[in-house]
Amino acid sequence: RCSRDWSSDVCSSDLAAARLVREHQGVGPRVWVRINGAQTPHYDADLRAIDWSRAGLLVPKAEEPAAVRAFSSLTLSGLILTLETAAGCARAAELASAAPIESRFALGTWDLALDLGLAVDDPDESELVWHVRAQTVLASRAAGLQPPIDGVYRSEEHTSELQSRLHLVCRLLLE
């Protein structure tokens, strides 16, 4: 699978060109597009730019069930709701219920750590972030969803730390 993050990988001046991905969606792997957040001026254009029947929608900072319900006007092939704030994590069950199609959660551990004001160099150092991971597994299971997708790891250079984290994540049933 290929994932493209318009909210941080693409400069505002390049968004129009990045939206041309819609011309190539029928070729290659299934594409997931992380659009810009609802609080940005690019959100509506991002939603209109993609044929969502051919690409999965990865929603950043999912917090509002009403915003998730609004996706019912789209022909979605896939929906991943990224939990990156305390508000989103607290509303996980409501967000899952609001989804117009079967969805899945992903964790944005770095943004979550910032939102929580954690003074850590790495979200994996926080017991609270690990607690949120466990709560997200429970919320997913209770809603009948697939296991959540875990957040990104800080570096490929620390392979022993990565292996330890992967072991813990697998024990929590995250992907």
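The trypsin sites (Lys or Arg not before Pro) of the stretch 36-137 that DSSP puts in a loop, and whose beta carbon has at most 15 other beta carbons within 10 Å, are Arg54. Once backbone amide H atoms are built at 1.01 Å from N, Gly56 has Val31, Trp32, Val33 as its partners under 5 Å, excluding neighbours fewer than 5 places away on the same chain.
Please say if the stretch 69-127 is rounded, prolate or oblate, where rounded means a/c under 1.5 for a ≥ b ≥ c the square roots of the C-alpha gyration tensor eigenvalues, and otherwise the choice is prolate for a/b larger than b/c and oblate otherwise? Note, shape of the stretch 69-127 comes out prolate. Applying 0.36 nm per residue to the separation of Ala134 and Ile101 and subtracting their alpha-carbon distance, the gain on full extension is 9.5 nm. Counting only other residues whose beta carbon sits under 11 Å from that of Gly88, what net charge do I get with K and R as +1, D and E as -1? Within the 11 Å Cβ shell, the charges total -4. Accessible surface for Leu76 stands near 30 Å², nearest 10, in the context of the full protein assembly shown (1.4 Å probe). The base-10 log of I(q)/I(0) for the stretch 33-90, evaluated at q = 0.14, 0.15, 0.18, 0.25 Å⁻¹, reads -0.34, -0.40, -0.57, -1.10 [Debye formula, identical scatterers on Cα atoms, solvent excluded].
Taking each residue as 0.36 nm, the span from Leu168 to Ala45 lengthens on full extension beyond its C-alpha to C-alpha distance by 40.4 nm.
Here the ratio of the Cα radius of gyration of the stretch 46-175 to 2.2 N^0.38 Å is 1.07. For Lys61, the residues 5 or more places off, or on other chains, whose built amide H falls under 5 Å of its own are Thr82, Glu84.
The values are calculated or read from the model by the stated rules, or taken from the named source; none is laboratory data. Given the structure is predicted, the values throughout are model-derived calculations rather than measurements. Backbone-built Cβ (ideal geometry, glycine too); neighbour counts: all protein chains shown. Ligands, DNA and RNA are stripped out before the accessible areas are found, and what is left, the full protein with its side chains, is counted by its heavy atoms. Shrake-Rupley method; radii C 1.70, N 1.55, O 1.52, S 1.80 Å.
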